[in-house]
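In what follows, a single structure is set out as structure tokens and then discussed.
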Amino acid sequence: MALRCLLMLIVWTICMISDSVFAVEHKLEQVIITTESLKFKEEKEKEPAMIKIFTSQDIEKMNLKDAWDILYHISGITLMKYTGGGIGQARVAIRGQMLHAGANHFAVFLDDVPLNEPGGAGPIFAGQADLNSITPEMIDYVEVIKGPFDIDAGDFNTAAVIKFYTKKYSKKSSITAEGGSYGYARGQASLSNEFLSNFKHFTSIEFKRQDGFADNTDIDYFVNANSNITYGDLNANHTTLSLTAFSYDAKVPTGFGKVYWDGGAWKLAPNDSDGRTKDEARFALNNVWIISPQWKWTNLAWARYWQGTWWEDTHLVWTGSQQREQYQKRNDFGYRSHLDYDTEIWGRYFQAIVGFDFRKDFYDTDQWRTDGHRNRVNKTLGFDGDYIQVASYFKMQMDIVPSVRAYVGLRYDHIRYDVDSEFSDNFKVESNPVSPKGGVTWQATENISFFVQASKGTRTPDPQYANEDGVTTSINYEIGSKGHFLGGRLNYMISGYYTQLKDVNVRETASQKYLFTGDQNVPGVEVELSANVIKPLTLWATFGYNWAEWENPKDVEGKGIVGVDPWDFSLGADYDSGFGIRGRIEYITNGRQWMNSNYDRREPKTYQIINLLLMYNPMKNLEIFLKANNLLDERYCTWPAYDFYRPEPGINFTGGLKLSF
């Protein structure tokens with residue numbers, strides 16, 4: 001194994017130092033960046049928060065397989081792919097906020113359409129966001145805002161918000177084909193052009209499959225199609241119609257079954273398996289109206305429908321062997337509108353935004369016990385959920401003096417959440433949370449700025465598991481600095497924060513009951529660095545650490561857990577010769593350690609992985625790539641606190657080619 005790792009490193013090094021042999025000049029495709037988007041990025045990075053923006057060029061360098069992989073490259077995030085094989089939802093812990101609560105502390109948007117699902121079969125599923133419909137090739141840029149700072153995120157945003165924006169047009173179309181270990185195969189086509197003089201479109205079609213790296217981790221089929229059709233000028237008035245349809249059938253190991261390594265392969269406890277099918281269709285219509293150079297009005301309407309099944313054959317510690325099947329269908333539609341005023345007052349920047357949000361989500365969930373042949377025996381669960389959100393918000397920022405910018409915002413939500421159950425009492429929660437935001441950025445020098453901010457976010461949980469107030473509140477205080485040196489070739493962001501969550505509900509491991517644990521206090525620190533000191537080589541590193549402390553939950557030994565300290569650290573290097581050779585090497589480590597009420601630290605759960613990427617352009621429109629993942633052959637799970645959770649594959653390889661035209 002050590003020999004294979006060494007061989008790969010040698011090959012990569014030889015390719016990096018031999019770029020002078022190749023005379024094929026190569027430039028990354030220059031995606032059309034409008035004047036509006038450049039201004040957005042410049043002004044957004046001045047806001048008093050840890051904000052990370054990934055462009056399509058950044059994503060191309062990473063050679064990602066799915067949208068979730070972006071999160072590995074952000075400080076302060078621990079990711080557990082909820083279902084193996086890259087299918088289904090994922091759990092995200094950001095700044096210590098998760099603990100069996102799905103992704104419900106982390107708001108997710110696609111072209112400003114909310115993806116978090118308000119409810120499901122309990123709080124484990126409530127709030128999760130399915131990103132399978134987002135193909136990496138279709139992403140224009142990604143915006144990640146840490147803390148509950150973003151004013152238009154609303155419900156689910158107590159820890160952060162991530163916003164994916166898709167391409168509306170590109171000068172090039174492309175076809176990608178790749179395959180690799182464990183029967184992995186993927187095909188993707190991106191098509192874009194102009195038609196009828198004032199219309200543009202960008203369409204992405206994706207297919208993938210996988211035999212699986214462990215029992216029941218295969219993808220039988222996955223098909224995903226997205227299309228954006230735009231009428232008008234992207235720099236002026238325009239209307240975009242977005243259409244999405246995707247479907248998949250996958251098998252994965254169940255979350256509660258024992259997964260173990262037998263020395264040759266990942267294995268499951270007998271009869272432990274899990275499967276998912278899903279079919280979804282989504283429609284969105286977005287209109288941008290430039291009223292004047294200072295005024296812009298944006299209106300967005302969307303609707304989506306999906307249905308899916310989830311089946312499980314498992315042995316649970318607290319219930320014994322069981323087989324069950326769950327069916328869920330969901331209808332979700334809404335409308336968002338905001339009016340932007342952007343100008344200068346006495347030569348100083350000024351912006352004001354007023355917005356309105358409406359969302360209605362209703363779903364139907366049924367569950368049955370089944371026999372060994374998946375025949376339904378008796379119904380064990382049945383409920384309908386109805387979620388309504390109406391919100392208004394206001395944001396203003398301006399330069400108080402040329403070097404100091406102040407930011408204030410206020411959001412008001414009215415949320416009503418009803419659950420009608422066939423087997424128990426009906427549940428209802430109604431909340432009216434108010435979320436103020438405020439902060440200041442000081443541009444100390446031309447290259448260095450400091451910021452301080454305080455913000456409040458809220459989350460209205462599933463009423464079956466809500467506390468008396470029906471709201472989990474997050475209050476965040478943060479101070480940090482951003483800057484660059486050497487003409488932008490050396491960049492940094494650093495932040496220290498203290499977050500307090502009020503009225504958090506957490507599952508007690510032994511009994512599977514949900515407790516209202518009061519407050520959770522989370523201090524932490526994050527650092528992100530990048531350096532392009534030597535022209536063809538860019539070095540980068542991220543680090544995040546926090547200490548999350550609770551009051552009541554118990555560990556498996558019955559002792560009260562007072563805290564957990566997750567950490568993440570990654571570093572790497574990107575190489576671009578300018579003559580057709582590009583490469584990337586990255587090291588990622590993640591860990592988590594519990595401490596009980598006697599302050600006895602349990603053995604930390606960590607993993608360390610090294611990934612290697614090599615790309616070569618023998619001609620301008622052809623790219624050949626090879627990626628080696630997990631070169632250390634680490635047997636790990638993406639959520640390292642639980643070594644019986646979803647395993648990730650050992651050393652594996654993928655390769656393919658991309659043709660642009």
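The values are calculated or read from the model by the stated rules, or taken from the named source; none is laboratory data. Every value quoted in this text rests on a predicted model; they were computed, and no experiment measured them. Backbone-built Cβ (ideal geometry, glycine too); neighbour counts: all protein chains shown. Keep in mind that these areas ignore ligands, DNA and RNA; they rest on the heavy atoms of the full protein, side chains included. Shrake-Rupley method; radii C 1.70, N 1.55, O 1.52, S 1.80 Å.
GLY438 fails exactly one of the following numbered conditions: (1) modelled with pLDDT of 90 or more; (2) within 29 Å of VAL533 (Cβ to Cβ); (3) surrounded by fewer than 19 Cβ atoms within 10 Å (Cβ to Cβ). What is the number of that condition?
Only one criterion in (1) modelled with pLDDT of 90 or more; (2) within 29 Å of VAL533 (Cβ to Cβ); (3) surrounded by fewer than 19 Cβ atoms within 10 Å (Cβ to Cβ) is unmet by GLY438, namely (2).
Restricting attention to the range 215-232, report how many residues are β-branched (Val, Ile, Thr) and open to solvent by less than 50 Å² (accessible area, probe 1.4 Å).
Number satisfying all stated conditions: 3.
Name the pairs: first residue in the range 42-57 and β-branched (Val, Ile, Thr) and surrounded by 15 or more Cβ atoms within 10 Å (Cβ to Cβ), second residue part of a loop (DSSP other than H, G, I, E, B) and modelled with pLDDT of 80 or more, Cβ to Cβ under 8 Å, at least 6 apart or on different chains?
Final answer for the pair search is none.
Can you run down the residue pairs with Cβ atoms below 7 Å, 6 or more apart or on separate chains, where the first is in the range 175-204 and free of Cβ contacts under 8 Å to residues at least 24 places away in the same chain and the partner is not in a strand (DSSP E or B)?
Taking only residues 6 or more apart or on different chains, the pairs are LEU191/SER173.
Of the residues that make up the range 162-169, is at least one farther than 30 Å from GLN307 by Cα, touching a Phe, Trp or Tyr at 6+ places or on another chain (Cβ under 8 Å) and modelled with pLDDT of 90 or more?
yes
Within the range 517-530, can you find the residues that are assigned to a strand (DSSP E or B) and open to solvent by less than 20 Å² (accessible area, probe 1.4 Å)?
GLN520, VAL522, GLY524, GLU526, GLU528
Go through the range 470-516 and give me each residue that's modelled with pLDDT of 55 or more, among the charged types (D, E, K, R) and open to solvent by 50 Å² or more (accessible area, probe 1.4 Å).
Within the range 470-516, ARG489, LYS502, ASP503 meet the criteria.
Tell me, yes or no, whether the range 127-135 has at least one residue that is surrounded by fewer than 24 Cβ atoms within 10 Å (Cβ to Cβ), at pLDDT below 70 and either among the basic types (Lys, Arg) or part of a loop (DSSP other than H, G, I, E, B) (or both).
No, the conditions are met nowhere in the range 127-135.
Could you tell me which numbered condition VAL259 fails, if it satisfies all but one of (1) modelled with pLDDT of 90 or more; (2) more than 21 Å from the chain's Cα centre (by Cα); (3) among the β-branched types (Val, Ile, Thr)?
With respect to (1) modelled with pLDDT of 90 or more; (2) more than 21 Å from the chain's Cα centre (by Cα); (3) among the β-branched types (Val, Ile, Thr), VAL259 is out only on (1).
From ASP140, ASP152, grab the single residue that is assigned to a strand (DSSP E or B), touching a residue at least 40 places away in the same chain (Cβ under 8 Å) and open to solvent by 10 Å² or more (accessible area, probe 1.4 Å).
Of ASP140, ASP152, the one residue that is assigned to a strand (DSSP E or B), touching a residue at least 40 places away in the same chain (Cβ under 8 Å) and open to solvent by 10 Å² or more (accessible area, probe 1.4 Å) is ASP140.
Give the residue that is modelled with the highest pLDDT, with candidates limited to residues of the range 178-214 that are crowded, with 19+ Cβ neighbours inside 10 Å and not in a strand (DSSP E or B).
Only one residue tops the list, namely GLY212.
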